[in-house]
Amino acid sequence: MRTLGGRYQLVNRIGLGGMSEVWRGHDRVLDRPVAVKIMAPAVEGTLGQGGVDLVRTEARSAARLAHPNVAAVHDFGTSPSPERDVPYIVMELVDGQTLSAHLAAGMLDWQISVRICAEVAAALAAAHAQQVVHRDIKPANIMLTPAGAKVLDFGIAAAIGSPDPDPEGPVMGTPAYIAPERFDGLPATPAADMFALGTLLYHCLAGTLPWRARSHTEMVMAQRFEDPVPLPHIEGLPPEVLDLVSRCLSREPTERPPALVAALLLAEAVDARVYVPIADLGFEPEYPPAVSAWDERAAAEATTPSGGGHVDGAVRADGVGRHRKD
């Protein structure tokens, strides 16, 4: 059984992508299950220092986000291989199924769809508050668990406004979920994530994508020059959710709502609870008054025996404590 860093045992492979694979692992130090993301064998030999830096950036982007709807990152390291060290990320092991697997099994109830996207929007609000754009929101990167939705894979995340490393190369992401302005060479912004969120919500509600196309090229052209196919009538779906889908899919980035607004609106529509960055709500938290000097002295006193006898505590209406010794 392969062990990374002298600590993480790889048990069995649970996911495979174009460049990486995810393994169920065991942390021998803390005796807990984990998920370990490593480079796929076909890619290992092509990695240089740039590949290690890319994986380290992914780990740092996700590790900055302490949020219930983001899979937590525990560790980053490199494992020796015949040619060069191979980077790996150790993450929270999320039990559940991807949203893409659920959608493949059939349509979702609109309330479930809205709740899932409210939680994804809350995760994006947390990422955007940390100046991180995910850039690859799609059903395959959303895990549904008993505790709610979890956003996975920050593999191509970037700092807000940062240019692509290769402006002449392909746009990073999944074509059906990439915002139109990205194909014009504009840097990734929170608005690009919101376009992906609108596509995700439309997909969950309708069971299809907002644009019909037979190839990636047709999809890109449709997103840039055509309006999305209107959503079918869904009994009970609040009009504000329909409006949100339309605004998120706008070709104009400035017309898309921020993730915080989307999270709160969607949560309100299904009476759900989401966790959003307090700083984004526009008010300062109230701080308690300064601790009195007496309280500071009392807190600093060493713990000593009471000197014998039973001590009962009582508090008068004026808040002053007194004790009775038997």
Selection over the stretch 244-266 where residues are under 16 Å from residue 125 (Cα atoms) and charged (D, E, K, R) yields a count of 1
If you go through 262, 272, the only one that is assigned to a loop (DSSP other than H, G, I, E, B), assigned by TED's automatic domain parsing to the domain that holds residue 129 and either surrounded by fewer than 17 Cβ atoms within 10 Å (Cβ to Cβ) or modelled with pLDDT of 80 or more (or both) is 272
With respect to residue 149, is the statement that it is in the same structural domain as residue 199 (by TED's automatic domain parsing) and either closer than 24 Å to residue 28 by Cα or assigned to a helix (DSSP H, G or I) (or both) true?
-> no
Of the conditions (1) assigned to a loop (DSSP other than H, G, I, E, B); (2) touching a helix residue (DSSP H, G or I) at 6+ places or on another chain (Cβ under 7 Å); (3) farther than 14 Å from residue 149 by Cβ, residue 93 clears all except one; give me its number.
-> (2)
Only one of these conditions is not met by residue 135: (1) modelled with pLDDT of 90 or more; (2) in contact with a strand residue (DSSP E or B) (Cβ under 7 Å, 6 or more places away or on another chain). Which number is it?
-> (1)
Enumerate the pairs (first residue in the stretch 236-254 and at positive phi and surrounded by fewer than 17 Cβ atoms within 10 Å (Cβ to Cβ); second residue anywhere and assigned to a helix (DSSP H, G or I) and modelled with pLDDT of 95 or more) with beta-carbon separation below 6 Å, excluding pairs fewer than 6 apart on the same chain, so at least 6 apart or on different chains.
-> none
Restricting attention to the stretch 206-219, does a residue exist that is at pLDDT 85 or above, outside any loop (DSSP other than H, G, I, E, B), out of contact with any strand residue (DSSP E or B) (no Cβ under 7 Å at 6 or more places or on another chain) and crowded, with 16+ Cβ neighbours inside 10 Å?
-> yes
Within the stretch 97-105, identify whether any single residue is of a type in the set (Val, Ile, Thr) and surrounded by fewer than 23 Cβ atoms within 10 Å (Cβ to Cβ), and answer yes or no.
-> yes
Across the stretch 127-147, which residue is surrounded by the most Cβ atoms within 10 Å (Cβ to Cβ) among those that are within 20 Å of residue 199 (Cα to Cα) and in contact with a Pro (Cβ under 8 Å, 6 or more places away or on another chain)?
-> 133
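The values are calculated or read from the model by the stated rules, or taken from the named source; none is laboratory data. What you are looking at is a predicted structure, and each value in this text was computed from that prediction instead of being measured. Neighbour counts run over all protein chains shown; Cβ positions are idealised from the backbone, glycine included.
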